[in-house]
Structures are given as C-alpha cells and as structure tokens.
Amino acid sequence: RSRPMMGNVNEGKGLFAPLVVVARNLVGKKTFNQLRGKAIALHSQVINEFCKSIGADGKQRQGLIRLAKKNGEMLGFLA
C-alpha cells in the first residue's frame, strides 16, 4: 500500500513550472515563498481594485480570485 506524499501536487506541471522550480532552487525555499506571497498579495490587490472600478460585488470578486488561483495552478506558477 502506498503512502500519501506531502509534496506539491503541481510540481512539474504547467508551462511555467520548470522556471518556477529553477527560481525556487536558486533563491532558496524560504525566500521564494516570501516573494511568492508578496506577488499573490499584489495580484489580489489588482483584482480588488478592478472589482471596485467595475462595481463587482464580493461574490464576484471571490470568483475572480478563485479563477486566478486555478489559472496559476494550470500554468505552473504554483509548482
């Protein structure tokens, strides 16, 4: 019986995954995760400002944030 792995399920998947893995290995996991967190926070701010400018409600905003996460996973940004 195989044991579940605690690794990233997105490892190696998506167009940008190899670049993300190389960058993480170059700068180190801790620094990389800090930079990724800042990038995600900035992207969320952009989505929030966009929603304000078009008058989208909170439910629509959350939907856009979920879509951004799903797209990031598919493209390999979360590898």
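Where a number appears in this text, it was derived from the coordinates with a stated rule and is not lab data. All of these numbers come straight from a predicted model, not from anything done at the bench. A quick note on method: Cβ atoms are made from the backbone with ideal geometry, for glycine too, and the neighbour counts reach across all protein chains shown.
The set of residues from the stretch 54-75 being among the hydrophobic types (A, V, I, L, M, F, W, C) and in contact with a helix residue (DSSP H, G or I) (Cβ under 7 Å, 6 or more places away or on another chain) comprises Leu64, Ile65, Ala68.
Cβ-Cβ contacts under 7 Å between residues 6 or more apart (or on different chains), taken from a first residue in the stretch 24-41 that is part of a helix (DSSP H, G or I) to a second residue that is of a type in the set (A, V, I, L, M, F, W, C), are listed as Arg24/Phe32; Phe32/Ala23. Residue pairs whose Cβ atoms lie under 7 Å apart, sitting 6 or more positions apart in sequence or on different chains, and linking a residue in the stretch 60-79 that is free of Cβ contacts under 8 Å to residues at least 12 places away in the same chain to a partner that is assigned to a helix (DSSP H, G or I) and surrounded by 16 or more Cβ atoms within 10 Å (Cβ to Cβ), are Gln60/Cys51.
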